[in-house]
Amino acid sequence: MEEITTIAVWLIGVGTRIYARKGIFIGIFAFVFLGNVFLLSQFGLLPTPEVSAATSVTAVADPLIMTKVAKAAPEIPAVPLKIEIPAIALSATIENPTTHDIETLDQELLSGAVRYPTSAKLGETGNVVLFGHSSYLPIVHNQAYKTFNGIQKLSKGDTIIVYSAERVYTYQMRSFAKENATDASIPLVVTGRVLTLSTCDSFGAKTDRFVVVADFVESHSSSN
């Protein structure tokens, strides 16, 4: 019995001494813990918190961000400089005269397609009207005489690409018509953004003309 009492007294004494020095033990533990954290951070070994997919989606869908995207700068109207139609392997430069003078327009047509001066520009609501020669002679000295060769072969949905200095504009062919060259007129004021291509069916003769109408699809920076 005395031995049990002695052991109990000893344990109580040890517990009392430990309790009295708890501050020292806590201090040592804190020092060792913080030291280890510091060393791990120096070597880049501390774990980094993962961002869940839900958090990412919420951030992207933030109303403020969406508002900023919706308020992107509008397109600046630009003159067309080049046209390509992959379906008929057509590629031509476009001139942009500022006068309706017939002699001037005829001279410009010797360099490629011509945008009618008062028709819409790229990026504007209205009709961008482009004229060009056609010639089905086996040999021509100036290839501009064949600028719009084959536009009558286009099918609905074919892609027409027009370039400005900084942007690329894509149109989709809507319709084709063969019209009288002297009676038919091309409207300049239309709903939406439209592209019209026109050419006489035979070079040097005012008989009929081919007219292709296409609707705007999209535009993007030429640097993309």
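The values are calculated or read from the model by the stated rules, or taken from the named source; none is laboratory data. From a predicted model like this one, the values you see are computed outputs, not experimental measurements. Cβ: placed from backbone, ideal geometry, glycine included. Neighbour counts: every protein chain shown.
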- Note on the structure: Residue set Y145, Y116; condition among the aromatic types (F, W, Y), out of contact with any strand residue (DSSP E or B) (no Cβ under 6 Å at 6 or more places or on another chain) and either at pLDDT below 95 or buried (at least 17 other Cβ atoms within 10 Å of the Cβ) (or both); output residue Y145
- What about S111, is it over 32 Å from the mean Cα position of the chain (by Cα) and assigned to a loop (DSSP other than H, G, I, E, B)? no
- Query: Of the residues that make up segment 94-104, is at least one in contact (Cβ under 8 Å) with a residue 60 or more places away in the chain and in the same structural domain as G157 (by TED's automatic domain parsing)?
  - Reply: yes
- Message: Can you tell me which of (1) modelled with pLDDT of 95 or more; (2) of a type in the set (V, I, T); (3) under 27 Å from the mean Cα position of the chain (by Cα) is the one I151 doesn't meet?
- Response: (3)
- Task: Could you list, in sequence order, all residues of segment 87-118 that are charged (D, E, K, R) and in contact with a helix residue (DSSP H, G or I) (Cβ under 8 Å, 6 or more places away or on another chain)?
- Result: E95
- Note on the structure: Within segment 199-220, restricting to residues that are modelled with pLDDT of 95 or more and among the small types (G, A, S), the one that is surrounded by the fewest Cβ atoms within 10 Å (Cβ to Cβ) is S219
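Any chance segment 158-177 includes a residue that's of a type in the set (K, R), surrounded by 13 or more Cβ atoms within 10 Å (Cβ to Cβ), at pLDDT below 95 and more than 19 Å from I76 (Cα to Cα)?
At the first step, the residues of segment 158-177 found to be of a type in the set (K, R) are 167, 174.
Checking the rest, the ones that are also surrounded by 13 or more Cβ atoms within 10 Å (Cβ to Cβ) come to 167, 174.
From the residues that got through so far, the ones that are at pLDDT below 95 too are none.
For segment 158-177, residues of a type in the set (K, R), surrounded by 13 or more Cβ atoms within 10 Å (Cβ to Cβ), at pLDDT below 95 and more than 19 Å from I76 (Cα to Cα): absent.
Hey, can you tell me all the residues within segment 80-108 that are farther than 20 Å from H141 by Cβ and not in a loop (DSSP other than H, G, I, E, B)? Talk me through it step by step, then tell me what you get.
The first filter runs over segment 80-108 and keeps only residues farther than 20 Å from H141 by Cβ, leaving 80-89, 94, 96-105.
Hits for segment 80-108 are K82, I83, E84, I85, P86, A87, I88, I94, I102, E103, T104, L105.
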- List every residue pair whose Cβ atoms lie under 6 Å apart, where the two residues are 6 or more positions apart in sequence or sit on different chains, the first residue falls within segment 132-147 and is in the same structural domain as S198 (by TED's automatic domain parsing), and the second residue, located anywhere, is among the charged types (D, E, K, R). S135/K146
- Out of (1) more than 27 Å from Q107 (Cα to Cα); (2) over 22 Å from the mean Cα position of the chain (by Cα), the one T159 does not meet is (2)
- Candidates F176, F148 - the one that is of a type in the set (F, W, Y) and in contact with a His (Cβ under 9 Å, 6 or more places away or on another chain): F148
- Message: One residue is enough: does segment 119-135 have a residue meeting the conditions modelled with pLDDT of 95 or more, closer than 19 Å to S91 by Cα and of a type in the set (D, E)?
- Response: no
